[in-house]
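Here the structure comes first, spelled out in structure tokens, and everything after it is commentary.
The values are calculated or read from the model by the stated rules, or taken from the named source; none is laboratory data. Nothing here was measured: the structure is a model prediction, and the numbers come from that model. Virtual Cβ from ideal backbone geometry, glycine too; neighbours counted across all protein chains shown. These accessible areas exclude ligands, DNA and RNA; they are computed on the full protein's heavy atoms, side chains included. Shrake-Rupley method; radii C 1.70, N 1.55, O 1.52, S 1.80 Å.
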Amino acid sequence: MAGGELKYVPAPPAPPPPPPEEPASLWRRRPVQAALGAVGLLLLVFLWLSWALPVGRALEPLENPTLVLVTADGKPFARRGSYKEAPVEVEKLPDHVSEAFVAIEDRRFYSHLGLDLRSIARAAVTNAEEGEIRQGGSTITQQLAKNAFLNNRQTFRRKAQEALIALYLEARLSKAEILSRYLSSVYFGDGVFGLRAAARHFFDKTPEQLTVGEAAMLAGVVKAPSRLAPTEDFEASQQRQRVVLAAMVDQGMITAAQARQARRVRLREGRSSLPVGSYFADWISAETKRAFDRAYGEVQVQTTLDSVLQAQAQRAVRRALAGARGQRATQAALVAMRTDGRVVAMVGGRDYQESQFNRATQAMRQPGSAFKLFVYLAALRRGMTPDSAILDAPLKLGDWTPQNHEGEYAGRPVPLRDAFARSSNVAAVRLSEQVGRQNVIRAARDLGVRADIPNDPTIALGTPLMSLLELTSAYAAVAAGRTPVIPRGLAAEPVYGPFGRPPRPRALDARQRDALLLMLREVVTRGTGAAASLPVPVYGKTGTSQDYRDAWFVGFTGDLVVGVWVGNDDNTPMRRVTGGTIPARIFREFTGFAASRQDFREPLHAEPSQQTVDLEAIDPEPLELPPLEGEPPGPEGGLPSGPADLAPPVLAPPEELDVPPPDAPEPEEELPPETP
């Protein structure tokens, strides 16, 4: 070392430690235990599938079978629900029927174990190129799994479930059993499920009678039922049929000559063409579903609808609206029922094809003066009679001043029957305030009204919203003499659960009912409802809401109760249409026809037990209720009564009462009746 200097030389780096050895996989370390575990897991999956997936589900009838609605006189008028007939057995079908489906849907059906790997690989390539699931590569077994146990969502999870169930079905069932279940449940469009139903629906024959061409056409439909059903697009169905026939030739199932011969197919529908819906059919839809369980084929449902009366109701509504174009009335509804609640006619609007909204059952509108039935019933319950007096003069309640139609007042006390017949607004409001609004609400509830009724002074003029069906049912209770009358559309008596039973019917007080009948009769004989008059006794009430937005007539004759509404869907005002005009004329046309039929029945008490008396020849009875604050006392401390008080008075300014202003607007009242 020169110069005695020391030089540091670093040691060479240590070699890196060897990488840790990877543990052997479970399959290498314990192959027997791993295999047993996999088999056990697979066995558990199959045991769970055996419990959760009944293999006979595809053979079961549908939850919503086809219901053919039939009128009371035996005429079908609507068909609802899906159509499925009894299952088929492949062994009993001609070979060409099952071969047509195998040729186009799953040509390797008899050789695979539920999954066709070649088809799956082809579909995987296509889906990868498209970036989404466009092809499924499903076998017939997979389609059965989907149809019987899964949904139609195109997801990888659903496809995995479908594959697992398909393997299970192949292990449990024979190929013939799988194909039988598939053909018994596959969808063919038009609401038709299963080959037996499809053969009947499209060709009016059994599956055993299908020709090669017919079988090929049905097999072709399965790919896109809504588009390829012969009833939807026969030309597209024929083109698809030729593809199926070519596949059958290619696989040696038929000859080319047989394929050419089979192209000619004649469509022959085996079921009569019926509409799916109508206003009445939609209304009873929920009721029919509750009443009928699963079933094959078509279930006939007897309804209460009268085909002749229904046709007449539709004519009356169409004719009235056609003549009302200049009055800005575009819609109308009619309900006709018997006094036991059987609905015999229902028109929910001008045209069901244009609008399925049912204005008889779904629309909530202000009934106007038709609501006064409950006001006067409340007064009768307080001991009043049709001859009791009520003041028909200007009135002010806080900031609200109800008015009679066109500002016309008697200016003196008038009998209740007169105020009701002429539909006096101020008289109804006075009466409601004097007997108590809660009593008015209770009267409505007792007649079956369940709509919301606010505790508001304007309820006397019919501002609460309710449906035509509900109001008509309340009038039916008066006609029947018992309450409530529950409208129904099925001929069979409804079956109620332990907690769904309606209240037990109660008889109306005979004196109060007689008084109501008397007043309802006089509305037609000399009041606002004169346009509804018929040769037979008619009882009813008109109603008109604010600014002529709604016009009503509800009445009855014999055992037939009819409600009519006229208005516009957008709630725009009509041109001076009142309950005594178009609605009353619709009532007269329809009810007059019904009353001319041989089955028209007079009730046990067609006329009230009291005799109608001449109002000009009587003195109104005094009202035995405390007067409203601010009203002048009569000779007995109550309202004025007697001949001297009936002299034409000089009208004073409207009295003021300390009542909060209402939230709802005051409805206009009816025009003077037109000559019928």
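Things to note:
- Annotation note: of A171, A160, the sole residue that is open to solvent by 40 Å² or more (accessible area, probe 1.4 Å), under 40 Å from the mean Cα position of the chain (by Cα) and either more than 22 Å from A224 (Cα to Cα) or at pLDDT 85 or above (or both) is A160.
- Residue list for region 174-185, filter: in contact (Cβ under 8 Å) with a residue 60 or more places away in the chain and either in contact with a helix residue (DSSP H, G or I) (Cβ under 8 Å, 6 or more places away or on another chain) or open to solvent by less than 10 Å² (accessible area, probe 1.4 Å) (or both): A176, L179, S180, R181, Y182, L183, S184, S185
- Unmet criterion (only one of (1) surrounded by 14 or more Cβ atoms within 10 Å (Cβ to Cβ); (2) at pLDDT below 95) for Q611: (1)
- Given (1) assigned to a helix (DSSP H, G or I); (2) under 24 Å from E85 (Cβ atoms); (3) out of contact with any helix residue (DSSP H, G or I) (no Cβ under 7 Å at 6 or more places or on another chain), index of the condition Y296 fails: (1)
- Boolean, F46 is at pLDDT 90 or above, among the hydrophobic types (A, V, I, L, M, F, W, C) and open to solvent by 30 Å² or more (accessible area, probe 1.4 Å): no
- Of all residues in region 471-490, none satisfies being outside any strand (DSSP E or B), surrounded by fewer than 21 Cβ atoms within 10 Å (Cβ to Cβ) and charged (D, E, K, R).
- Taking each residue of region 415-438 that is in a loop (DSSP other than H, G, I, E, B) and looking for partners that are among the polar types (S, T, N, Q) and modelled with pLDDT of 95 or more with beta-carbon atoms closer than 9 Å, six or more apart or interchain, yields R422/T528; S423/S369; S423/T528; S423/T542; S423/T544.
- Restricted to region 140-157, and to residues there that are modelled with pLDDT of 80 or more and open to solvent by less than 60 Å² (accessible area, probe 1.4 Å), the residue that is nearest to the chain's Cα centre (by Cα) is K146.
- When E493 is tested against (1) exposed (fewer than 14 other Cβ atoms within 10 Å of the Cβ); (2) of a type in the set (D, E); (3) at pLDDT 95 or above, exactly one condition is not met: (3).
- Identification of helices (runs of 4 or more DSSP H) wholly contained in region 153-260 with 1 or more residues that are touching a Pro at 6+ places or on another chain (Cβ under 7 Å) and charged (D, E, K, R) yields 195-203.
- On the stretch given as region 322-350, residues that are of a type in the set (S, T, N, Q) and in a strand (DSSP E or B) total 1.
- Only one of the numbered conditions (1) surrounded by fewer than 24 Cβ atoms within 10 Å (Cβ to Cβ); (2) touching a residue at least 60 places away in the same chain (Cβ under 8 Å) is not met by L373, and that is (1).
- In region 210-264, the qualifying residues are those that are polar (S, T, N, Q), in contact with a helix residue (DSSP H, G or I) (Cβ under 8 Å, 6 or more places away or on another chain) and exposed (fewer than 14 other Cβ atoms within 10 Å of the Cβ), and the one that is farthest from F188 (Cα to Cα) is T255.
- In region 100-139, the residues that are under 19 Å from V222 (Cβ atoms), in a helix (DSSP H, G or I) and at pLDDT below 65: A123
- Subset of region 507-552 (residues that are under 34 Å from the mean Cα position of the chain (by Cα), outside any helix (DSSP H, G or I), within 17 Å of H405 (Cα to Cα) and not hydroxyl-bearing (S, T, Y)): G529, K541, G543, R549, D550, A551, W552
- Residue count for region 66-80, restricted to those that are outside any strand (DSSP E or B) and open to solvent by less than 40 Å² (accessible area, probe 1.4 Å): 1
- Inter-residue pairs, beta-carbon under 9 Å, first closer than 15 Å to S432 by Cβ and among the polar types (S, T, N, Q) and in region 443-458, second assigned to a helix (DSSP H, G or I) and open to solvent by less than 10 Å² (accessible area, probe 1.4 Å), 6+ apart: T458/V429
- None of A311, A336 is among the aliphatic types (A, V, I, L, M), within 21 Å of the chain's Cα centre (by Cα) and buried (at least 21 other Cβ atoms within 10 Å of the Cβ) except A336.
- Sole residue being crowded, with 22+ Cβ neighbours inside 10 Å and in a loop (DSSP other than H, G, I, E, B), chosen from V97, V88: V88
- The set of residues from region 450-462 being touching an Asp or Glu at 6+ places or on another chain (Cβ under 7 Å) and either crowded, with 21+ Cβ neighbours inside 10 Å or of a type in the set (S, T, N, Q) (or both) comprises P457, T458, L461.
- Count - residues of region 351-385 that are touching an Asp or Glu at 6+ places or on another chain (Cβ under 7 Å) and in a loop (DSSP other than H, G, I, E, B): 5
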